[in-house]
Every structure is written in structure tokens, then in C-alpha cells.
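Remarks on the structure that follows.
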Amino acid sequence: MASGTKDYYELLGVARSASAEEIKKAFRRRARETHPDASDAHDAEERFKEVNEAYEVLSDPQKRDLYDRFGTADPRAAGGGFGDFGDIFNAAGVEDIFSMFFGGAGATASARTAAREGRDMAAQVTITLLEAADGVTKEVRYTRDAPCAACGGQGAAPGGKVTACPDCGGTGQVRAARRTFLGTFESVAPCIRCAATGAVADPPCPKCGGSGRERRAESVSVEVPAGIADGMQIRVPGAGEAGLRGARPGDLIVGVRVEPHEFLAREGDDLHCRAEISIAAAALGETVVVPGLRGDVDVDVPAGAQYGDALRVRGQGMPRLRNGSTGDLVVHLAVAVPRKLSKRQRELLRELRETLRSTAGDRTPLQRIRDWLGG
Ligand SMILES: [Zn+2]
Ligand SMILES: [Zn+2]
């Protein structure tokens, strides 16, 4: 399984808001439990690896942050766009990145706005197939940088205000002269003090240090529409990371996992199941009852049904997400040969065998093969 598809918090058995110390403790415990030397489970080695992978990500604040926001610790897979210069500063030379993003022309008003906006975050919900068919409201719990409650997200202490950054004069960028043997070059870099936003809170709110954000456990209700398929995503606008000092927040992108059903397999909007019928039902035809998604469903098996025949029951599948119609239930027939027979049943079958022999008697072997192939 590729990394990023598992819930690392679940693997370690900790809450999403767990502290570094709690994560370390949980890892030690889980590692002891799953270590192949200590565990008899057949997949112990795999599980031990997963626990290690989870710890590697969650114990590293940067990887954990990426994982919280994008569901993966791989920055190439994250692809969420940079809203905060923190990541870029670490990734490459400041000047290179700055000129790449802003064409070297200096910070524009829109660049300063972008630097303040919150990033999108990722979360996941798991639902049953029945919930996917009916639609469901799910509570999603996660931890995010939320608007600071003490300053209302504005970043200034009571009585304070947001002013132009004194380091960059509100431009969000600083110029530096660099002397080399070829001459003096002027370079432009994003202002560290205001994180290229051009403004600072004065005096800053003591709770959030002027950012207007605080880390908080949150909960949001997500409407999962009927007919949703495994792997689809639902966007909750504004529920992602809060912007700096009240700027536009990011969205929360909720990935939906649909649990596999006990006996129904989904293929698009159709559901598939298997029904065992007797040789008599197959030969003579019969109405059989199969378990559908919402209870028993009657299926008319025609006379002469064969092993592997698929019968379609209209309208007993999954609702279609877009047009409100419904898929089908496809019943795959398995003809069960009885393992135990009463004396009477044995007699009847022997009799049947004799009559079948005499019917087949006037057919050539090639014709019999054709009969058998159904052609
Ligand atoms: Zn605050
Ligand atoms: Zn500044």
C-alpha cells in the first residue's frame, strides 16, 4: 500500500491533537505490540512497518503538518499551493523562489494578499455502503490553525491595531545590496518580520503572537450526498487553515472512503451479489430470495439457468449521484450440487440420469459438446 492512504493517527492510536510526547509514548507501545519477535499475527512485519512509517511522519513537525493538511507527508503529492512562505524558505533559496513567484518585480498587492490566505486542508471520513446509498451527515474532527479567539483573528492586542510593517514599509519585501567582485547587486527578498504580508499587529495579541491564528481541535458537519463513490472528495469552504490576521481561510477537503460490504460488490452504480440455487431450481426455474442492500429481493431464475449466469434486478443498485436514477442489482448464479442425499433423492437422480442418457443417446459427441457449450 502506498504511503498516505493510511491514517497514521489511527495506526498509533492517538488523537489528531496528540502532543509530541503522546505520539512518542504511543509509538513505543505500538512498536512493542507489533514487533514481529513479540507478535504472532501473520502480518506482524507489515504492521510493524506501518507503525514505524506513522511515527516517522508524526514525529517530524514539518511532515506532520503536511500530512495533516494533505493526507500525505510527500510534498510532491501535496500540491496544495504555497500560502505560507515557511515552506518555501526551507525548500530553496529565498531569492530564487521570490523571483519565481513574483517575477522579480517586487511584491504586488495580490502577492501580499496571497501570503496571508489560509491553506486548504485534508481530512477523511469512512462510511458504509448503505450510508453511501442513502446519503449521510458526518462529523469530521480535525486540528487546524483557527482564528484566534482572544483577538477575533485580527492579531492585535486589545487597544492595538494592525499597521504597516516597519521592516519593509508595508511592501512585504526587503531589498539588500550585495557587493561582489563584479560590482554591487541589489536583491529583493520577502520580509521575514511580516511573512511578506506587509503588515504587523502592534502590539501583537499575547495569545497568538500577532498571527490571528491559534491551533485548535475543530469539528465540522459534512453532508455526504447519496450515490457518492469511494475516493470522492467533498470541499467545505472556509474550514481549512485560517488566514493571517483575518485573511481568507483555506478550504477543508474531505476524502470519502466507502467500506467494502459484507456480500455486495459495487461496480459503478450497480451492485453485484452471488446466489446459490439448487440444481432443480436451475433446471426448472424458480423465484429465489437474495439479500439486497436494504433487505430481501426476489429474483426470477428462468428454467435452464446455468452456473455463472447473471440476472439483473432493475433499480436495486446504488443511486446515481447526478440524475437521481438508480443502478441495478446483478445476481450471479452458483448452482449448488448437493453433498448429502437421502435415499429417495438418490433414486430420483439416478432416474434422471437414465432419462438424460437416453436423450443424449441420439446425439453425436460433437453435438453433445456443442450442447454443453450452449451453442
Ligand atoms: Zn490573537
Ligand atoms: Zn515586513
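The values are calculated or read from the model by the stated rules, or taken from the named source; none is laboratory data. Since we're looking at a predicted model, the values are computed, not measured. FYI the Cβ positions are ideal-geometry reconstructions off the backbone, even for glycines, and counts take in every protein chain you see. Quick note on the areas: whole protein, heavy atoms, side chains included, nothing else; ligands and nucleic acids left out. Shrake-Rupley method; radii C 1.70, N 1.55, O 1.52, S 1.80 Å.
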Residue among 245, 179, 216, 175 that is among the charged types (D, E, K, R), open to solvent by 70 Å² or more (accessible area, probe 1.4 Å) and in contact (Cβ under 8 Å) with a residue 40 or more places away in the chain: 216
In segment 182-195, the residues that are more than 7 Å from ligand 2 (Cβ to nearest atom) and open to solvent by less than 60 Å² (accessible area, probe 1.4 Å): 183, 187, 188, 189, 190, 195
Sort through 207, 138 and tell me the only one that's in contact (Cβ under 8 Å) with a residue 60 or more places away in the chain, away from ligand 2 (no atom under 14 Å from the Cβ) and basic (Lys, Arg). 138
Selection from segment 305-322 of residues that are open to solvent by less than 40 Å² (accessible area, probe 1.4 Å) and within 21 Å of residue 373 (Cβ to Cβ): 305, 311
Yes or no: segment 275-290 includes at least one residue that is in a strand (DSSP E or B), at pLDDT below 95 and touching a Gly at 6+ places or on another chain (Cβ under 8 Å). no
Taking the options 216, 178, name whichever one is more than 12 Å from ligand 2 (Cβ to nearest atom), over 25 Å from residue 69 (Cβ atoms), part of a strand (DSSP E or B) and not hydrophobic (A, V, I, L, M, F, W, C). 178
Residue that is farthest from ligand 2 (Cβ to nearest atom) [pool: residues in segment 96-119 that are in contact with a helix residue (DSSP H, G or I) (Cβ under 7 Å, 6 or more places away or on another chain) and modelled with pLDDT of 75 or more]: 119
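Which ones in segment 325-348 are closer than 19 Å to residue 129 by Cβ and open to solvent by 60 Å² or more (accessible area, probe 1.4 Å)? If you could, list the steps in order and put the result at the bottom.
The initial filter retains those residues of segment 325-348 that are closer than 19 Å to residue 129 by Cβ, namely 325-332.
Across segment 325-348, the qualifying residue is only 332.
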Counting only residues in segment 224-239 that are among the small types (Gly, Ala, Ser) and within 16 Å of the chain's Cα centre (by Cα), the one least open to solvent (accessible area, probe 1.4 Å) is identified as 229
Taking segment 172-224 and keeping only residues that are within 19 Å of residue 155 (Cβ to Cβ) and away from ligand 1 (no atom under 15 Å from the Cβ), one is left with 172, 190, 191, 192, 193, 194, 195, 196, 197, 198
